[in-house]
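Working notes, structure below.
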Amino acid sequence: MLSKKIENSLNEQIEKEGYAAQLYLAMASWSETQGYDGISQWFYAQHMEEIEHMLRIIKYVNERGGHAIVPKIEQPPKEFEGIKQIFEASLEHEQMVTRSINDIVGLCLNEKDYTTHNWIQWFVDEQLEEESSVNAIIDKLNMLGDKNLYIFDRDIMKMRDEG
Ligand code: FEO
(Lines give C-alpha, C1' and ligand atoms only; values in the text may rest on other atoms or scores of the structure.)
Protein backbone atom coordinates (compact mmCIF):
# COMPACT_ATOMS: atom_id res chain seq x y z
CA MET A 1 0.00 0.00 0.00
CA LEU A 2 1.33 3.42 -0.95
CA SER A 3 1.64 6.14 1.66
CA LYS A 4 -0.47 9.21 0.95
CA LYS A 5 2.69 11.27 0.39
CA ILE A 6 4.02 8.88 -2.25
CA GLU A 7 0.60 8.57 -3.87
CA ASN A 8 0.30 12.37 -4.10
CA SER A 9 3.78 12.77 -5.52
CA LEU A 10 3.11 10.07 -8.14
CA ASN A 11 -0.15 11.78 -9.04
CA GLU A 12 1.78 15.02 -9.53
CA GLN A 13 4.23 13.13 -11.71
CA ILE A 14 1.33 11.81 -13.83
CA GLU A 15 0.42 15.42 -14.55
CA LYS A 16 4.02 16.31 -15.43
CA GLU A 17 4.29 13.40 -17.86
CA GLY A 18 0.93 14.42 -19.32
CA TYR A 19 2.14 17.98 -19.80
CA ALA A 20 5.34 16.69 -21.44
CA ALA A 21 3.17 14.65 -23.84
CA GLN A 22 1.14 17.77 -24.71
CA LEU A 23 4.23 19.93 -25.08
CA TYR A 24 5.88 17.48 -27.48
CA LEU A 25 2.66 17.14 -29.40
CA ALA A 26 2.54 20.93 -29.80
CA MET A 27 6.17 20.89 -30.96
CA ALA A 28 5.40 18.07 -33.42
CA SER A 29 2.47 19.95 -34.86
CA TRP A 30 4.37 23.24 -35.09
CA SER A 31 7.38 21.60 -36.83
CA GLU A 32 5.01 19.88 -39.24
CA THR A 33 3.49 23.24 -40.21
CA GLN A 34 7.02 24.56 -40.79
CA GLY A 35 7.72 21.72 -43.25
CA TYR A 36 10.11 19.77 -41.00
CA ASP A 37 8.74 16.26 -41.44
CA GLY A 38 11.60 14.40 -39.75
CA ILE A 39 11.65 16.68 -36.72
CA SER A 40 7.89 16.48 -36.38
CA GLN A 41 8.07 12.67 -36.52
CA TRP A 42 10.67 12.79 -33.77
CA PHE A 43 8.36 14.87 -31.57
CA TYR A 44 5.31 12.70 -32.35
CA ALA A 45 7.35 9.70 -31.19
CA GLN A 46 8.39 11.65 -28.12
CA HIS A 47 4.74 12.44 -27.42
CA MET A 48 3.87 8.71 -27.50
CA GLU A 49 6.72 7.94 -25.09
CA GLU A 50 5.41 10.47 -22.61
CA ILE A 51 1.94 8.95 -22.84
CA GLU A 52 3.54 5.60 -22.01
CA HIS A 53 5.32 7.16 -19.03
CA MET A 54 2.04 8.56 -17.78
CA LEU A 55 0.30 5.17 -18.17
CA ARG A 56 3.15 3.39 -16.42
CA ILE A 57 2.62 5.56 -13.34
CA ILE A 58 -1.18 5.31 -13.48
CA LYS A 59 -0.97 1.51 -13.53
CA TYR A 60 1.55 1.41 -10.71
CA VAL A 61 -0.44 3.71 -8.40
CA ASN A 62 -3.59 1.66 -8.87
CA GLU A 63 -1.75 -1.64 -8.53
CA ARG A 64 -0.37 -0.54 -5.17
CA GLY A 65 -3.78 0.32 -3.75
CA GLY A 66 -3.75 4.04 -4.55
CA HIS A 67 -5.97 6.00 -6.90
CA ALA A 68 -4.31 7.44 -9.99
CA ILE A 69 -5.97 10.71 -10.89
CA VAL A 70 -6.30 11.70 -14.52
CA PRO A 71 -5.14 15.31 -14.49
CA LYS A 72 -6.33 18.47 -16.14
CA ILE A 73 -3.48 19.47 -18.41
CA GLU A 74 -2.36 23.00 -19.18
CA GLN A 75 -2.29 24.05 -22.82
CA PRO A 76 1.26 24.13 -24.21
CA PRO A 77 2.55 27.03 -26.36
CA LYS A 78 1.23 27.19 -29.94
CA GLU A 79 4.18 28.94 -31.51
CA PHE A 80 7.89 28.38 -31.13
CA GLU A 81 10.86 30.51 -32.14
CA GLY A 82 12.80 27.96 -34.11
CA ILE A 83 14.19 24.44 -34.32
CA LYS A 84 17.11 24.95 -31.97
CA GLN A 85 14.81 26.65 -29.48
CA ILE A 86 12.39 23.73 -29.37
CA PHE A 87 15.18 21.31 -28.56
CA GLU A 88 16.57 23.67 -25.92
CA ALA A 89 13.09 23.96 -24.42
CA SER A 90 12.80 20.13 -24.50
CA LEU A 91 16.09 19.78 -22.65
CA GLU A 92 15.00 22.27 -20.02
CA HIS A 93 11.74 20.39 -19.64
CA GLU A 94 13.50 17.03 -19.28
CA GLN A 95 15.85 18.50 -16.67
CA MET A 96 12.80 19.63 -14.69
CA VAL A 97 11.28 16.12 -14.99
CA THR A 98 14.58 14.60 -13.81
CA ARG A 99 14.57 16.83 -10.72
CA SER A 100 11.02 15.79 -10.03
CA ILE A 101 11.84 12.05 -10.38
CA ASN A 102 14.83 12.56 -8.08
CA ASP A 103 12.56 14.18 -5.50
CA ILE A 104 10.34 11.09 -5.58
CA VAL A 105 13.41 8.87 -5.14
CA GLY A 106 14.30 10.93 -2.04
CA LEU A 107 10.75 10.70 -0.74
CA CYS A 108 10.75 6.90 -1.18
CA LEU A 109 13.83 6.67 1.01
CA ASN A 110 12.31 8.95 3.67
CA GLU A 111 9.13 6.91 3.67
CA LYS A 112 11.06 3.63 3.55
CA ASP A 113 9.06 2.61 0.47
CA TYR A 114 11.70 0.39 -1.10
CA THR A 115 9.24 -1.13 -3.57
CA THR A 116 8.48 2.23 -5.17
CA HIS A 117 12.16 3.12 -4.89
CA ASN A 118 12.99 0.03 -6.88
CA TRP A 119 10.19 0.60 -9.41
CA ILE A 120 11.12 4.22 -10.09
CA GLN A 121 14.69 3.33 -11.09
CA TRP A 122 13.33 2.71 -14.60
CA PHE A 123 12.47 6.43 -14.74
CA VAL A 124 15.88 7.40 -13.39
CA ASP A 125 17.50 5.51 -16.30
CA GLU A 126 14.97 6.85 -18.79
CA GLN A 127 15.68 10.45 -17.77
CA LEU A 128 19.39 9.91 -18.26
CA GLU A 129 18.70 8.59 -21.74
CA GLU A 130 16.24 11.36 -22.67
CA GLU A 131 18.55 14.15 -21.54
CA SER A 132 21.51 12.65 -23.36
CA SER A 133 19.58 12.14 -26.60
CA VAL A 134 18.35 15.77 -26.60
CA ASN A 135 21.86 16.95 -25.72
CA ALA A 136 23.24 15.00 -28.69
CA ILE A 137 20.70 16.69 -30.96
CA ILE A 138 21.59 20.15 -29.67
CA ASP A 139 25.31 19.41 -30.22
CA LYS A 140 24.55 18.36 -33.77
CA LEU A 141 22.46 21.49 -34.39
CA ASN A 142 25.31 23.64 -33.06
CA MET A 143 27.71 21.92 -35.45
CA LEU A 144 25.44 22.25 -38.47
CA GLY A 145 24.32 25.85 -38.01
CA ASP A 146 21.03 27.13 -39.40
CA LYS A 147 21.80 26.45 -43.06
CA ASN A 148 21.81 22.68 -42.94
CA LEU A 149 18.47 22.05 -41.31
CA TYR A 150 17.29 20.16 -44.39
CA ILE A 151 19.89 17.43 -43.83
CA PHE A 152 19.24 17.44 -40.10
CA ASP A 153 15.51 17.03 -40.71
CA ARG A 154 16.15 14.13 -43.06
CA ASP A 155 18.47 12.35 -40.62
CA ILE A 156 17.03 13.01 -37.17
CA MET A 157 14.98 9.79 -36.97
CA LYS A 158 18.20 7.82 -37.55
CA MET A 159 19.57 9.33 -34.33
CA ARG A 160 16.52 7.92 -32.57
CA ASP A 161 17.10 4.44 -34.03
CA GLU A 162 20.79 4.53 -33.07
CA GLY A 163 20.04 5.86 -29.56
FE1 FEO B 1 8.68 11.25 -19.26
FE2 FEO B 1 10.51 12.82 -20.95
O3 FEO B 1 9.98 12.46 -19.26
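If you stretched the chain out fully between M1 and K147, how much longer would it get, using 0.36 nm times the residue separation minus the C-alpha to C-alpha distance?
Additional length available on full extension: 47.1 nm.
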message: Defining a contact as two alpha carbons under 8 Å apart and six or more residues distant in sequence, what relative contact order in percent does segment 44-163 show?
response: 22 percent
message: At 1.4 Å probe radius, can you tell me the per residue accessible area of segment 4-162 in Å²?
response: 56 Å²
- prompt: How far apart, in nm, are two points set 7 Å out from the Cα along the Cα-to-Cβ line at E79 and at K140?
  reply: 2.9 nm
- prompt: At 222 nm, what helix-only mean residue ellipticity would the chain give, in deg cm²/dmol to the nearest 500, using -39500 (n - 2.57) for each DSSP H run of four or more?
  reply: -27500 deg cm²/dmol
message: If I model a spin label as a point 7 Å beyond the Cα along the Cα-Cβ vector, how far apart are those points for N118 and E12 in nm?
response: 2.6 nm
- request: Give the angle, between 0 and 90 degrees and rounded to the nearest 10, that separates the Cα long axis of helix 149-162 from the longest principal axis of the Cα atoms of the chain.
  value: 40 degrees
message: Tell me which of G145, L128, N62 sits at the most positive position along the dipole axis of the chain, charges placed on C-beta atoms (Lys, Arg +1; Asp, Glu -1).
response: N62
- request: Grab the Cα-Cα distance for S29 and A45, subtract it from 0.36 nm times how many residues apart they are, and report the gain in nm with one decimal.
  value: 4.6 nm
query: For the chain, which whole-number percentage of the solvent-accessible area (1.4 Å probe, protein heavy atoms only) is attributable to carbon and sulfur atoms?
result: 50 percent
message: I need the P(r) histogram for segment 6-73: all alpha carbon pairs, bin width 5 Å from 0 out to the longest distance, whole percents.
response: 4, 21, 23, 17, 13, 10, 7, 4, 2, 0
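Taking Rh as the Kirkwood radius computed over C-alpha pairs, what is the Stokes-Einstein D of the chain at 20 °C in a medium of viscosity 1.002 mPa s, expressed in µm² per second?
The calculation lands on 128 µm²/s.
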query: Direction-averaged shadow area of the convex hull around the Cα atoms of segment 90-149, nm²?
result: 4.2 nm²
statement: Two pseudo-spin positions, 7 Å from Cα along C-beta at M159 and at S132, lie apart in nanometres by 1.5 nm
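The values are calculated or read from the model by the stated rules, or taken from the named source; none is laboratory data. Nothing here was measured: the structure is a model prediction, and the numbers come from that model. Heads up, the Cβs are rebuilt from the backbone with ideal geometry, glycines too, and the neighbour counts pull from every protein chain shown. To get the accessible areas, we keep the full protein, side chains included, count just its heavy atoms, and leave off ligands, DNA and RNA. Shrake-Rupley method; radii C 1.70, N 1.55, O 1.52, S 1.80 Å.
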